[in-house]
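I have placed the structure first, in the form of structure tokens, so that the comments after it can refer back to it.
The values are calculated or read from the model by the stated rules, or taken from the named source; none is laboratory data. Since we're looking at a predicted model, the values are computed, not measured. Neighbour counts are summed over all protein chains in view; Cβ atoms, including those assigned to glycine, are modelled from backbone coordinates with ideal geometry. Surface accessibility is based on the protein's heavy atoms, side chains included, excluding ligands, DNA and RNA. Shrake-Rupley method; radii C 1.70, N 1.55, O 1.52, S 1.80 Å.
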Amino acid sequence: MLELKNIKLNFSNGNGTAREVLQDVNIKLEKGKLYAITGPNGGGKTSLAKVIMGIYTPSEGQVILDGEDITSLSITERADRGIAYAFQQPPRFKGLTVENVMKIAQPSLDTVQIRGYLRDVGLCPEDYLDRDIGPGLSGGEIKRIEVAQLLARQAPVSIFDEPEAGVDLWTIQKLIGIIIRRYKGNSRGMAIVITHNEQFLPICDEIILVAEGTVKERGTTEEIWPSIREDVICKMKGQCGGNVYGIQ
Ligand SMILES: Nc1ncnc2c1ncn2[C@@H]1O[C@H](COP(=O)(O)OP(=O)(O)OP(=O)(O)O)[C@@H](O)[C@H]1O
Ligand SMILES: [Mg+2]
């Protein structure tokens, strides 16, 4: 069980004032479940993932994993306890090859297994194993390698931050398939997929709507899709001073 209790996260506006990016986030997530987190840009989804991973330190609140308060633990200590995160914007590592970063993600991997994970994300191992993780890879290629690393970690808490971003339509289908096979009903762990992709939402056990720095709603697709849709339409009308999109 992963629990976030009364989480608040502030960032400085640079003029002496603080902006609350997360406010009173309370949520409990269970092993064996596949969760989707969705919501508008800037709503706090990535910040929430980074609080779980220990990249951001909340100004208030606690992160509890299997009964242990891990709020003060470092990223490495949390990784040792089984939390893993695939970045929305993966870093590049000039001088390291694809094979190197796969082995850093999971040192026990042999080359046959690395090839398998690359195939899982639709990359031909022969073409990629020796490629440098630098500017010579496209955005979608880097993204797929980041997802392959997270799959290889086999972590009890796996957080995918927009795995579909920049990835072609054919590969999105493949990623959905692999995430279902790995995580749906897998009692050893949970997966959290932060996504804006409508195809991901129905495959998940639960959808969590994060907006304005907090959890607005959670439920199955059927339960919360109508209100997500309503929310989106209201925002569009509000932002544009009229329903310029013509949505009924
Ligand atoms: N390191 C930071 N410093 C200052 N502000 C930040 C930082 N990280 C995030 N924010 C702010 O926090 C808010 C939430 O950002 P976050 O990246 O969590 O949104 P998101 O829901 O993941 O959005 P998107 O759908 O665009 O990925 C934004 O207003 C963002 O500018
Ligand atoms: Mg984000």
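Which members of the stretch 164-191 meet the condition of being closer than 20 Å to S138 by Cα, away from ligand 2 (no atom under 16 Å from the Cβ) and open to solvent by 40 Å² or more (accessible area, probe 1.4 Å)? Working first, answer last.
Here is the first cut: in the stretch 164-191, the residues closer than 20 Å to S138 by Cα are 164-175.
Restricting the remaining residues to those that are away from ligand 2 (no atom under 16 Å from the Cβ) gives 168-175.
Passing the criteria: D168, L169, W170, Q173, K174.
Quickly run through the stretch 1-47 and pick out the residues that are over 16 Å from Q62 (Cα atoms), polar (S, T, N, Q) and either part of a loop (DSSP other than H, G, I, E, B) or more than 19 Å from the chain's Cα centre (by Cα) (or both).
Of everything in the stretch 1-47, those that are over 16 Å from Q62 (Cα atoms), polar (S, T, N, Q) and either part of a loop (DSSP other than H, G, I, E, B) or more than 19 Å from the chain's Cα centre (by Cα) (or both) turn out to be S12, N13, N15, T17, N41.
Identify the single condition in (1) more than 13 Å from ligand 2 (Cβ to nearest atom); (2) farther than 22 Å from K5 by Cα; (3) open to solvent by 10 Å² or more (accessible area, probe 1.4 Å); (4) not β-branched (V, I, T) that M102 does not satisfy, given that it satisfies every other one.
(3)
Taking the conditions exactly as written (in contact with a helix residue (DSSP H, G or I) (Cβ under 6 Å, 6 or more places away or on another chain) and of a type in the set (S, T, Y)), does Y56 satisfy them or not?
Yes; evaluated as a whole, the condition is true for this residue.
Working only within the stretch 192-223, note down all residues that are part of a loop (DSSP other than H, G, I, E, B), surrounded by fewer than 18 Cβ atoms within 10 Å (Cβ to Cβ), touching a residue at least 12 places away in the same chain (Cβ under 8 Å) and within 16 Å of ligand 1 (Cβ to nearest atom).
Within the stretch 192-223, H196, N197, E212 meet the criteria.
Table: residues versus (1) open to solvent by less than 60 Å² (accessible area, probe 1.4 Å); (2) away from ligand 1 (no atom under 13 Å from the Cβ); (3) charged (D, E, K, R).
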site: E60; (1), (2), (3): no, yes, yes
site: S72; (1), (2), (3): no, yes, no
site: A86; (1), (2), (3): yes, yes, no
site: K94; (1), (2), (3): no, yes, yes
site: V98; (1), (2), (3): yes, yes, no
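Please state which of the following conditions G42 fails to meet, knowing it meets all the rest: (1) within 24 Å of I228 (Cβ to Cβ); (2) in contact with a helix residue (DSSP H, G or I) (Cβ under 7 Å, 6 or more places away or on another chain); (3) surrounded by fewer than 16 Cβ atoms within 10 Å (Cβ to Cβ).
(2)
Considering every residue within the stretch 118-134, establish whether at least one is among the small types (G, A, S), open to solvent by 80 Å² or more (accessible area, probe 1.4 Å) and more than 16 Å from ligand 2 (Cβ to nearest atom).
Checking the stretch 118-134: not a single residue is among the small types (G, A, S), open to solvent by 80 Å² or more (accessible area, probe 1.4 Å) and more than 16 Å from ligand 2 (Cβ to nearest atom).
Out of everything in the stretch 21-39 that is more than 22 Å from N186 (Cβ to Cβ) and open to solvent by less than 60 Å² (accessible area, probe 1.4 Å), what residue ends up being farthest from ligand 1 (Cβ to nearest atom)?
To start, the set of residues in the stretch 21-39 that are more than 22 Å from N186 (Cβ to Cβ) comprises 21-26, 39.
Then keep just the ones that are open to solvent by less than 60 Å² (accessible area, probe 1.4 Å); that gives 21-22, 25, 39.
Numbers: V21: 4, L22: 8, V25: 11, G39: 6 Å.
So, considering only residues that are more than 22 Å from N186 (Cβ to Cβ) and open to solvent by less than 60 Å² (accessible area, probe 1.4 Å), the one farthest from ligand 1 (Cβ to nearest atom) is V25.
Somewhere in the stretch 16-36, is a residue closer than 20 Å to E198 by Cα and either without any contact (Cβ under 8 Å) to a residue 60 or more places away in the chain or within 14 Å of ligand 2 (Cβ to nearest atom) (or both)?
Yes: the stretch 16-36 contains one or more residues that are closer than 20 Å to E198 by Cα and either without any contact (Cβ under 8 Å) to a residue 60 or more places away in the chain or within 14 Å of ligand 2 (Cβ to nearest atom) (or both).
Any idea how many residues of the stretch 48-81 are away from ligand 2 (no atom under 16 Å from the Cβ) and either assigned to a loop (DSSP other than H, G, I, E, B) or among the aromatic types (F, W, Y) (or both)?
12
Right, D66: open to solvent by 60 Å² or more (accessible area, probe 1.4 Å), on the phi < 0 side of the Ramachandran plot, modelled with pLDDT of 95 or more and not aliphatic (A, V, I, L, M) or not?
Taking the combined requirement at face value, the residue does not satisfy it.
Taking G14 as meeting all but one of (1) at pLDDT below 95; (2) in contact with a Cys (Cβ under 6 Å, 6 or more places away or on another chain), write down the number of the exception.
(2)
Given the residues E141, E146, which is the only one that is open to solvent by 10 Å² or more (accessible area, probe 1.4 Å), in a helix (DSSP H, G or I), of a type in the set (D, E) and more than 16 Å from ligand 1 (Cβ to nearest atom)?
On inspection, the qualifying residue turns out to be E141.
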